[in-house]
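K.L.:
Have a look at this one before I ask anything.
What follows is calculated from the coordinates using simple rules that are stated; it is not laboratory data. Model, not experiment: these values are computed from the prediction. Neighbour counts are summed over all protein chains in view; Cβ atoms, including those assigned to glycine, are modelled from backbone coordinates with ideal geometry.
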Amino acid sequence: MGTDRRRDILVVIDEIASSARQPVNIQHVCLACRRGLTATGVAIYLVGAAQPIEVVGPLGEEMAELQVTLGEGPVSEVVRQNQPVFVPNLVNSGSTRRWPAFAPAALSLGVASVFVLPLTLGAIALGALEICREVEGPLSPAELADALLCADTATTLLLSRSAGPAAGELPHTEPEGRWAVVHQATGMVSVQLDTDLDQAFLRLRAHAYGTDRRLSEVAADVVARRLNFTPDTNEKQR
């Protein structure tokens, strides 16, 4: 990866940040990655987080919710093994055997290829960068170089944030949209079950999976008090 390519990627990220009148943050890296790799969805996950910390593109949102709900897919594999997972063709790569629930659902969304890179500090896994495309085929050498540079830039920003955000920095790590609803619902389920947030989220996710519904839909029902969780495992729908 030459210095010219690194400079070009950083210029694109800076341009996106400048147009938004914000300091460079994770969202701008995702937007630059989406633009440079003609991706329809890009997401960044942290190890131990229940949801992505940043998602751009409609397919990015759908894929993120799908993997969080099912608990399987390339992202969880990358986070667990700290190794990249490239799936240039979801149809013919054995993905259905590898992820029997995720692969068919991803294909139904229109996703044809997925590329996930680990975000690492040495041997320490920090998270993952996911790139989804509607066209099948591997990344070109130039695209792979850009993806690696975006992953490296995202890692640098995450490490900078952990050291303390600079004045005026907008890290874009608070739950937004559907994830804000999931976050709120998890808190409500935690109260209903008198349990911690991790267990509450697992119950919420299990209900979504068991009823073949989107996690965000189930969360919306909880927030609207149309669905209550009880310790006896029988959820009550109103």
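K.L.:
Let a ≥ b ≥ c be the square roots of the eigenvalues of the Cα gyration tensor of segment 178-237; is it rounded (a/c under 1.5), or, if not, prolate (a/b larger than b/c) or oblate?
P.N.:
Numbers: a/c = 1.34, a/b = 1.12, b/c = 1.20.
Since a/c stays below 1.5, the shape of segment 178-237 is classed as rounded.
K.L.:
Just to confirm my understanding: which cysteines in the chain have no other cysteine beta carbon less than 4.7 Å from their beta carbon?
P.N.:
So, C30, C132.
K.L.:
With the chain treated as a Gaussian network of Cα nodes joined by springs under 10 Å, which of G127, G71, G94 yields the largest mean-square fluctuation?
P.N.:
Maximum among the listed residues: G94.
K.L.:
Taking 0.36 nm per residue of separation and subtracting the Cα-Cα distance, what length does fully extending A180 through D196 add?
P.N.:
Details: separation 16, 0.36 × 16 = 5.76 nm, distance 1.79 nm.
Between A180 and D196, full extension yields 4.0 nm more.
K.L.:
Could you work out which residue, out of S216, S19, S140, moves most in a Gaussian network model of the chain, that is, has the largest mean-square fluctuation with Cα springs under 10 Å?
P.N.:
S19
K.L.:
Mind sorting out which of [x] 52, 45, 40; [y] 60, 48, 33; [z] 73, 62, 35 is the real Cα extents along the principal axes in Å computed from the coordinates?
P.N.:
Of the labelled values, this structure produces [y].
K.L.:
What length, rounded to one decimal in nm, is gained on full extension from S19 through to R5, with 0.36 nm per residue of separation minus their alpha-carbon distance?
P.N.:
So the extension gain works out to 2.9 nm.
K.L.:
With charges set only on the Cβ (+1 for Lys and Arg, -1 for Asp and Glu), what does the dipole of the chain come to about its Cα centre, in debye to the nearest 20? Show your work: numbers first, answer last.
P.N.:
On the way: 20 positive and 27 negative charges, 48 e Å.
I would put it at about 220 debye.
K.L.:
Mind listing which trypsin sites (Lys or Arg not before Pro) in segment 20-50 are in a DSSP loop and have 16 or fewer other Cβ atoms within 10 Å?
P.N.:
The qualifying sites are R21.
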